[in-house]
Structures are given as structure tokens and as C-alpha cells.
Amino acid sequence: MTVLPEWIADPILRPAWDLVRTRFEKAGLDASGKVLLRPATRDERHAIGALLGRTITRETVRVDLATLDARLNERSGVGGLEAVLAALYGTRPEDRPAVRAARDASRERPLQRAAELVTATWASEWIAGLRRTGLLTNRVDSERTIRDAAAVLRELTDTEGAPIAQSRVELAARLLGDAHALDRDRRLHQVVLRGLAAAASIPVPDGTREREELWASRGVEPDLLSRTCLVWRLRVGTVEPPGRRLSDAADAGDPVHVTEWELRRIGSFAPAAGTRVLVCENPRVIEGMAERGVDGWAAVCTAGEPNLVVDKVLGNLTRAGADLYYHGDFDWPGIAIANRVITRFAARPCQMTADDYLHAVRPDGPALVGKQIEPLWDPELGAAMRSHGRAVHEESVLPLILDALTASQ
């Protein structure tokens with residue numbers, strides 16, 4: 001351990017050394033410039049005087065680092081300012097400009113690599129977003145992440161015509177050798193998503209549904225089995241096994257879940273001629289329709305916020321000219337879902353008027369919470385809901401729904 005002279009190592013000098021060290025590090029370990037010291041006591045002035053080799057009488061002292069460095073080189077026994085600071089603090093002073101430059105270079109290196117690997121016109125916006133967010137800053141795997149992201153983005157954006165339908169795990173396994181590389185909790189997923197948004201000239205989506213829609217626009221699904229759509233009495237025109245299964249379920253009046261895997265094999269759904277389709281929010285409604293055997297109706301359940309499989313089923317029905325009707329919860333999320341289904345798929349509200357709400361609302365019902373949403377089809381409904389402040393869920397009015405469907409046959 002290096003032993004320094006008392007005129008250097010005196011504890012009363014530590015505040016002065018802190019200022020000297022900060023200035024020395026900011027200057028890139030160059031002993032130049034001056035430090036202003038303000039000794040508060042007589043003992044501090046004596047200690048600083050011993051350090052500088054002169055008598056201190058003023059309340060402020062300007063220390064020239066070059067002069068101090070020369071004095072230390074001559075008298076410290078360990079060397080100049082850098083060596084003395086290392087001995088005092090137990091660690092070598094940090095060349096702050098050099099550290100900052102190295103950090104900046106490290107941050108820019110993967111971004112420069114990104115520009116080399118992805119040359120599309122949208123790449124500059126993608127790279128600028130990565131720089132702003134610091135997603136890759138101080139990451140030892142940042143260059144690997146960029147290489148993998150570039151491979152995925154080239155695959156998904158360089159193709160002409162319709163995108164190739166595939167699952168995300170399939171894509172990740174084929175291109176990257178890791179089926180989970182593009183999972184939502186991986187940093188690579190975020191980097192690729194930003195690239196897809198830049199390629200589409202849209203903001204980076206911040207909601208789960210919007211993110212999945214962006215992937216789906218390139219033909220990529222999370223997987224082909226985990227998301228389903230519950231349907232009742234919908235038929236398909238194919239004789240392939242999935243089509244036969246669904247047609248058999250329709251004949252038997254059994255509700256059935258449809259996966260993305262099956263959608264790709266069965267083509268489009270179509271209700272029987274003259275059949276109307278109720279789009280509902282809660283599976284209990286389909287269960288009630290099946291139990292009662294409501295004639296003249298088929299059904300699709302969104303199970304809350306519609307996923308992309310539900311969207312595809314409803315899109316198929318719309319293109320086939322099916323008559324869609326919608327019933328959901330009388331709460332603000334339910335109104336938001338109703339607005340989207342009615343707007344996107346030309347569905348008509350079913351038992352969703354202000355009168356229907358007023359007939360069912362109870363003073364002890366669940367409170368309305370969340371952001372208020374105006375019903376597009378009936379402004380009076382929104383006013384009634386705000387006035388009462390209570391929600392009405394589908395399950396609580398199921399008998400009324402079934403009676404109305406039965407009466408409309």
C-alpha cells in the first residue's frame with residue numbers, strides 16, 4: 001500500500017481533493033486549468049498552504065493544476081497528480097471524456113450495423129427510434145440483437161405480394177434457431193416491432209391488440225392454436241376434417257371453439273340461408289342460445305375484447321353478406337367494443353338501446369368505471385348510463401336477450 005506524506009494525505013484536505021479530482025477527470029486527466037477552493041477554517045488554510053507550498057491568508061484560493069502536478073511530481077514520492085489521486089482514493093482517476101466517447105461509440109456501433117444490414121427507406125426512422133429510446137444502450141448482446149432483427153425485418157418487409165402466413169414461433173425457429181426469440185418479453189420483439197411500425201409509417205403501437213395487428217399485417221401470428229373464437233351454428237363449405245367437425249357441431253347445436261389453424265384450412269364461414277348472426281361479448285350468451293335452441297340464429301362470441309381470430313371470423317361473415325347483430329355489456333369497455341364491431345363489420349345493435357338499459361339497470365348494480373365512451377348508435381344510451389352510473393352485464397339480462405331472439409324468429 002502506498003504511503004503518502006501527511007501534507008498530502010491530511011483528512012482535512014479531502015474536500016479540496018474532491019474538487020481537484022473532479023476537474024482533473026473532466027479535463028481528460030490533463031493537469032490544466034484552475035480549481036477554486038474556499039477554506040472555511042484556519043486549519044484548512046494551513047493544510048492547503050502545506051499542500052501548495054505557500055502561505056494562505058485569503059478566504060479563496062485558486063489552485064493551478066499544472067503547478068500542483070509539478071510540485072507532486074517533485075515531492076510526493078509517488079508521481080504527479082494522477083498517481084497521487086490513485087493512491088488517495090484507491091482507484092485511478094477516470095478519463096471522463098474518453099469514457100463518454102467509448103459509451104457513445106458503443107451505443108452507435110449496433111445502430112451503424114443496423115444501417116448496413118437494413119437499407120430500406122424506412123430504416124432511418126427505425127434507427128432514430130432505437131437511438132431515442134436507448135433500447136440497446138449498454139447491452140452486451142446489442143449487435144446480436146440487431147443482426148437478428150435485421151434478418152426478421154428483411155424476411156417480412158422485402159417480400160412482394162401477399163405476406164406468407166406463419167406463426168411467430170415458426171418464424172423465430174426458422175430464422176434464428178430459437179422458437180422463443182420473438183416472444184413478447186424479449187428485447188428483440190421490441191426492436192423488430194419498431195422496425196415493422198417504421199416500415200408501415202405508423203407510430204409504434206402501445207397496446208397488445210395493436211401490436212398483434214401489426215404482426216398480423218405481415219402474416220405473422222403469435223401461434224396458430226392459443227387464440228380461439230367461440231361460435232354456434234356456423235357452417236363452412238369445405239369437406240376437409242375441420243370443416244366437417246364444425247358442420248357436425250352446427251347440426252348438433254353445439255358451441256365450438258375455432259383456432260387460427262382451423263381458419264386457414266376451412267376458408268370462410270357462412271350461416272345457413274336466412275340465419276342472422278348475434279355477436280355477443282360473453283360466452284354465457286351462446287351457452288343460453290344453445291340450451292334454448294333458438295332457431296333462425298347463429299352466434300359468435302368476442303369473449304371480451306375481440307382477438308384477431310374473432311376479427312377474421314367476423315370479417316368472413318361480413319364479406320359473405322351475413323346479417324350481424326351485436327349485444328354486449330352496458331359498461332364503458334362494452335360500449336367501446338360495440339362501437340368497434342358496429343363500425344368495422346356493419347353489425348346492428350340488438351337490445352342495446354337506452355330503454356333496454358333503463359329497463360335492466362339496478363341501483364345496487366356494479367359501478368361504471370373507466371373512461372366514458374359515447375355509444376355511436378344511441379346518444380341517449382350514453383346519457384342514461386352517465387345519469388345512473390351503473391353497469392348492466394350481459395349475463396344479468398340473458399333471459400331478456402333469449403326472449404327477444406326467440407320472438408324475432
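The values are calculated or read from the model by the stated rules, or taken from the named source; none is laboratory data. These figures come from a predicted structure and were not determined experimentally. Cβ sites come from the backbone with ideal geometry, for glycine too, and all protein chains shown count toward neighbours.
Mind listing just one residue for me: the one in segment 257-269 that is surrounded by 19 or more Cβ atoms within 10 Å (Cβ to Cβ) and in contact (Cβ under 8 Å) with a residue 24 or more places away in the chain and, of those, farthest from HIS393 (Cα to Cα)? Walk me through how you get there before you give the answer.
Of the residues in segment 257-269, the ones surrounded by 19 or more Cβ atoms within 10 Å (Cβ to Cβ) are 258, 260, 262-263, 266, 269.
Checking which are in contact (Cβ under 8 Å) with a residue 24 or more places away in the chain leaves us with 258, 260, 263, 266, 269.
On the way: VAL258: 25, GLU260: 29, LEU263: 30, ILE266: 33, PHE269: 28 Å.
The selected residue is ILE266.
Taking residues in segment 311-322 that are at negative phi and without any contact (Cβ under 8 Å) to a residue 40 or more places away in the chain, and partners anywhere that are loosely packed, with under 15 Cβ neighbours inside 10 Å and of a type in the set (A, V, I, L, M), the pairs with Cβ atoms closer than 8 Å and at least 6 places apart or on different chains are THR318/ALA346.
Run down LEU52, LEU36 and say which single residue is touching a helix residue (DSSP H, G or I) at 6+ places or on another chain (Cβ under 9 Å), more than 30 Å from GLY134 (Cβ to Cβ) and surrounded by 12 or more Cβ atoms within 10 Å (Cβ to Cβ). Checking each option against the conditions leaves just LEU52.
Take the conditions (1) closer than 23 Å to ARG390 by Cβ; (2) within 31 Å of the chain's Cα centre (by Cα); ARG284 misses just one of them, which is (2). Within segment 88-116, the residues that satisfy the criterion of being assigned to a loop (DSSP other than H, G, I, E, B) and not polar (S, T, N, Q) are GLY90, ARG92, PRO93, GLU94, ASP95. Screening ILE146 with (1) assigned to a helix (DSSP H, G or I); (2) more than 23 Å from the chain's Cα centre (by Cα); (3) free of Cβ contacts under 8 Å to residues at least 60 places away in the same chain gives one miss only, at (2).
Note on segment 220-239: residues that are without any contact (Cβ under 8 Å) to a residue 60 or more places away in the chain and surrounded by 14 or more Cβ atoms within 10 Å (Cβ to Cβ) amount to 6.
Yes or no, residue by residue, for (1) touching a Phe, Trp or Tyr at 6+ places or on another chain (Cβ under 7 Å); (2) at pLDDT 95 or above; (3) assigned to a helix (DSSP H, G or I):
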residue	(1), (2), (3)
LEU225	yes, no, no
THR238	no, no, no
ARG245	no, no, yes
ASP248	no, no, yes
ASP311	no, no, yes
TYR325	no, yes, no
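Would you confirm whether any residue within segment 93-107 is surrounded by 18 or more Cβ atoms within 10 Å (Cβ to Cβ), closer than 30 Å to PRO11 by Cα and out of contact with any Cys (no Cβ under 8 Å at 6 or more places or on another chain)? Checked segment 93-107: at least one residue is surrounded by 18 or more Cβ atoms within 10 Å (Cβ to Cβ), closer than 30 Å to PRO11 by Cα and out of contact with any Cys (no Cβ under 8 Å at 6 or more places or on another chain). Scanning segment 181-219 for residues that are part of a loop (DSSP other than H, G, I, E, B) and either surrounded by 19 or more Cβ atoms within 10 Å (Cβ to Cβ) or among the hydrophobic types (A, V, I, L, M, F, W, C) (or both), we see that the one that is farthest from the chain's Cα centre (by Cα) is ARG218.
Of these, GLU287, GLU262, which one is closer than 27 Å to PRO349 by Cα and not assigned by TED's automatic domain parsing to the domain that holds VAL169? So that I can check it myself, show each step before the final result.
Numbers: GLU262 fails: closer than 27 Å to PRO349 by Cα.
None of the others qualify; the one that does is GLU287.
Filter segment 327-371 for residues that are aliphatic (A, V, I, L, M), over 25 Å from GLU260 (Cβ atoms) and either within 26 Å of the chain's Cα centre (by Cα) or outside any loop (DSSP other than H, G, I, E, B) (or both) and give the result. Residues satisfying the conditions are ILE335, ALA354, LEU358, ALA360, ALA367, VAL369.
Residues ALA303, ALA383: which one is at pLDDT 95 or above and small (Gly, Ala, Ser)? Break it down stepwise before answering.
Numbers: ALA303 fails: at pLDDT 95 or above.
Among ALA303, ALA383, only ALA383 is at pLDDT 95 or above and small (Gly, Ala, Ser).
The set of residues from segment 138-162 being surrounded by 14 or more Cβ atoms within 10 Å (Cβ to Cβ) and at pLDDT below 85 comprises just one member, ARG139.
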